[in-house]
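Q: The structure that follows is given in the form of structure tokens.
The values are calculated or read from the model by the stated rules, or taken from the named source; none is laboratory data. It should be emphasised that the depicted structure is a prediction, and the values quoted were computed from it without experimental measurement. A quick note on method: Cβ atoms are made from the backbone with ideal geometry, for glycine too, and the neighbour counts reach across all protein chains shown.
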């Protein structure tokens, strides 16, 4: 029974081997000449003007989290759209309820000002 | 075109959950428009929202009481609305209603009067109900997550306070980890039996159609860890004292009753209904955990000087007593748990209410010494605290005594005399730290000034209900025991 998984095992070994091998070989064989310009963080070929280690405003995270939330909910709409006719009225009503709850979430976020940048 | 067959939908089986969810959403929406009154057709005051929440919980409680009767299976057998669930749902509603009543004044006093608090309480209660109604591992998980995520937020509700934030973060990180264990266990059990439905799991075990017995045992072990965390049993209890201490006191009261009971409801359902066929394999594990939980909880509680931490360890030890009933795995055990959790809801929320009443903003008076001489200044409040302490210690004729009595007799009937003896010895240890508070209240002289009490009507009502519940259940236990007996899983 396990024989059918042999291909997967070979793929796993080959993929890991290639990745690890390439990294090891470059670090062993590649020339190592370091000079100040090379050690700088890359920023479009220009010299960086500020330190890249800056703190980001928490607003970015909030926006990202809200985006993910609604994005994932929206994914559920695709299978529903495809099966819309097969699901009939039952599917329609259920999805309507789902969207209403989602809408309440959106209204909540909106009124609480989480979508305002300032 | 072939229509997709939908499973049978029976919304009346979960109407209490729907009530809670709709009320929660309603509170969220009403709160949004409070500052924008012109958008609403009617005027509403922010102060009214807690009462909306209370109304929702009471409605849900009434509809839970209607659930007593023949069991209803709904949603493709993932929901089992039987007496067992109905009894637990009533306990949850009592716990949440009392919590809302003591919160109204407390949250205002702490400047935390946000409506999300009440909405989250309702969502957490909906999650707990789902756990009690679960007839499938998926439903257990769904309810557990709904409850836990709400609780993580509630624990950190006092976000200006470092302790509260810390408690939320600790609870969240450890809780997420425990959920991982639980889910892994469920996956393995599904792999072993080919079903997530508890009855089908039981049938697979009984009919010996397992794919792999090893996977089943592994899954069982992992589920013990996951659920053991939620009910705060040793050695998965480390989060309890810190979380209980840091969370707002009303939430501590809530957490120590509802979610714990919900954890036990799921524990009993999964282990007695689903895994009842392999009792021999998990019973010794639970035996050890129960003995450890009682002993560690009680011994550590002895050394506490902070009342919230002491009650946290006491709640750990009570989880141990309830696990004894799970070990017994018989009808008396299942009955005793229902009775015990109801009694525990009254006495524990009552004790926390006294803690809340004696605190002021920024000065919570959480040291045990702060209770010295309480009876000489406020005799009635001192008396109520003494009632709760005596009941928690298990002294007749109060509710706590009968709860322990039934649990230990269940253990003895099932032949676990050793465990019952450990439990009894632990009760003796517990008497010491509960009575210490009573002694402080009645015998010691006050070490501080007691300001005149200002108890709001709802807090007072909650206190009165808790006292009456504790005494009533102790003096007339038979009628509630009869209901509990008809609600047992056996």
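Q: Quick check: is even one residue across the stretch B:62-70 buried (at least 21 other Cβ atoms within 10 Å of the Cβ) and away from chain A (no Cβ under 14 Å)? Walk me through it before giving the result.
A: So in the stretch B:62-70, the residues buried (at least 21 other Cβ atoms within 10 Å of the Cβ) come out as B:64, B:67.
Add one more test, that the residue is away from chain A (no Cβ under 14 Å), and what stays is B:64, B:67.
Yes; the residues of the stretch B:62-70 include at least one that is buried (at least 21 other Cβ atoms within 10 Å of the Cβ) and away from chain A (no Cβ under 14 Å).
Q: When you go through (1) away from chain B (no Cβ under 14 Å); (2) within 30 Å of residue B:9 (Cα to Cα); (3) more than 29 Å from the chain's Cα centre (by Cα) one by one for residue A:29, which number turns out not to apply?
A: (2)
Per-residue answers, yes or no, for (1) surrounded by fewer than 21 Cβ atoms within 10 Å (Cβ to Cβ); (2) in contact with a strand residue (DSSP E or B) (Cβ under 6 Å, 6 or more places away or on another chain); (3) more than 30 Å from residue B:69 (Cβ to Cβ):
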position: B:391; (1), (2), (3): no, no, yes
position: B:396; (1), (2), (3): yes, no, yes
position: B:399; (1), (2), (3): no, no, no
position: B:425; (1), (2), (3): yes, no, yes
position: B:428; (1), (2), (3): yes, no, yes
position: B:436; (1), (2), (3): yes, no, yes
position: B:458; (1), (2), (3): yes, no, yes
position: B:477; (1), (2), (3): yes, no, no
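Q: A follow-up question, please. From the list B:484, B:466, which residue is more than 23 Å from residue B:107 (Cβ to Cβ), at pLDDT 90 or above and part of a helix (DSSP H, G or I)? Give the derivation first.
A: Numbers: B:466 fails: more than 23 Å from residue B:107 (Cβ to Cβ).
Step by step, each of B:484, B:466 is checked, and only B:484 is more than 23 Å from residue B:107 (Cβ to Cβ), at pLDDT 90 or above and part of a helix (DSSP H, G or I).
Q: Go through the stretch B:9-31 residue by residue and tally those that are surrounded by fewer than 19 Cβ atoms within 10 Å (Cβ to Cβ) and either out of contact with any strand residue (DSSP E or B) (no Cβ under 7 Å at 6 or more places or on another chain) or facing chain A (nearest Cβ under 10 Å) (or both). If you could, list the steps in order and put the result at the bottom.
A: Narrowing the stretch B:9-31 to residues surrounded by fewer than 19 Cβ atoms within 10 Å (Cβ to Cβ): B:9-12, B:15, B:18, B:22, B:25-26, B:29-30.
Now narrow it down to the ones that are either out of contact with any strand residue (DSSP E or B) (no Cβ under 7 Å at 6 or more places or on another chain) or facing chain A (nearest Cβ under 10 Å) (or both): B:9, B:11-12, B:15, B:18, B:22, B:25-26, B:29-30.
Of the residues in that region, 10 qualify.
Q: Report whether or not residue B:158 is out of contact with any strand residue (DSSP E or B) (no Cβ under 9 Å at 6 or more places or on another chain) and in contact (Cβ under 8 Å) with a residue 24 or more places away in the chain. Talk me through it step by step, then tell me what you get.
A: Values: out of contact with any strand residue (DSSP E or B) (no Cβ under 9 Å at 6 or more places or on another chain): yes; in contact (Cβ under 8 Å) with a residue 24 or more places away in the chain: yes.
Spelling it out, residue B:158 is indeed out of contact with any strand residue (DSSP E or B) (no Cβ under 9 Å at 6 or more places or on another chain) and in contact (Cβ under 8 Å) with a residue 24 or more places away in the chain.
Q: Going through A:96, A:62 one at a time, which residue ends up being more than 11 Å from chain B (Cβ to nearest Cβ), within 15 Å of residue A:109 (Cβ to Cβ) and assigned to a helix (DSSP H, G or I)? Walk me through how you get there before you give the answer.
A: Values: A:96 fails: within 15 Å of residue A:109 (Cβ to Cβ).
Of the residues listed, the single one that is more than 11 Å from chain B (Cβ to nearest Cβ), within 15 Å of residue A:109 (Cβ to Cβ) and assigned to a helix (DSSP H, G or I) is A:62.
Q: Residue B:281 versus (1) in a helix (DSSP H, G or I); (2) surrounded by 23 or more Cβ atoms within 10 Å (Cβ to Cβ); (3) out of contact with any strand residue (DSSP E or B) (no Cβ under 9 Å at 6 or more places or on another chain): which is the lone unmet condition?
A: Result: residue B:281 fails condition (2) only.
Q: Just checking, how many residues over the stretch A:68-93 are part of a helix (DSSP H, G or I) and at the interface with chain B (Cβ under 9 Å from one of its Cβ atoms)? Full working, then the answer.
A: First, the residues of the stretch A:68-93 that are part of a helix (DSSP H, G or I): A:68-75, A:77-82, A:84-93.
Going one step further and asking which of them are at the interface with chain B (Cβ under 9 Å from one of its Cβ atoms), we end up with A:85-88, A:90-91.
Final tally of qualifying residues: 6.
Q: Return the residue satisfying two criteria in turn: it lies in the stretch B:32-41 and is over 23 Å from residue B:57 (Cα atoms) and part of a loop (DSSP other than H, G, I, E, B), and of such residues it is farthest from the other protein chains (Cβ to nearest Cβ). Even if it seems obvious, please write down each step before you answer.
A: Residues of the stretch B:32-41 over 23 Å from residue B:57 (Cα atoms): B:35-41.
Checking which are part of a loop (DSSP other than H, G, I, E, B) leaves us with B:35-36, B:40-41.
Values: B:35: 9, B:36: 8, B:40: 12, B:41: 17 Å.
For the stretch B:32-41, the residue satisfying everything is B:41.
Q: Which is within 13 Å of chain A (Cβ to nearest Cβ) and more than 17 Å from residue B:130 (Cα to Cα), of B:4, B:104, B:44, B:100? Spell out how you get there, then give the answer.
A: Working: B:104 fails: within 13 Å of chain A (Cβ to nearest Cβ); B:44 fails: within 13 Å of chain A (Cβ to nearest Cβ); B:100 fails: within 13 Å of chain A (Cβ to nearest Cβ).
Only one candidate qualifies: B:4.
Q: Scanning for something over 21 Å from the mean Cα position of the chain (by Cα), more than 28 Å from residue B:138 (Cα to Cα) and outside any helix (DSSP H, G or I), does the stretch B:88-107 turn up at least one residue?
A: No.
Q: Could you check, for the stretch A:44-51, whether at least one of its residues is farther than 30 Å from residue A:114 by Cβ, touching a helix residue (DSSP H, G or I) at 6+ places or on another chain (Cβ under 9 Å) and either modelled with pLDDT of 85 or more or in a loop (DSSP other than H, G, I, E, B) (or both)?
A: From the stretch A:44-51, those farther than 30 Å from residue A:114 by Cβ are A:44-49; that's our starting set.
Keeping just the survivors that are touching a helix residue (DSSP H, G or I) at 6+ places or on another chain (Cβ under 9 Å) gives A:47.
In the following step, the residues that additionally are either modelled with pLDDT of 85 or more or in a loop (DSSP other than H, G, I, E, B) (or both) were identified as A:47.
Checking the stretch A:44-51: at least one residue is farther than 30 Å from residue A:114 by Cβ, touching a helix residue (DSSP H, G or I) at 6+ places or on another chain (Cβ under 9 Å) and either modelled with pLDDT of 85 or more or in a loop (DSSP other than H, G, I, E, B) (or both).
Q: For the stretch A:99-118, give me each residue that is exposed (fewer than 10 other Cβ atoms within 10 Å of the Cβ) and within 13 Å of another protein chain (Cβ to nearest Cβ). Outline the logic, then answer.
A: Looking only at the stretch A:99-118, we keep the residues that are exposed (fewer than 10 other Cβ atoms within 10 Å of the Cβ), and these are A:113, A:116-118.
Listed by number, the list holds a single entry, A:113.
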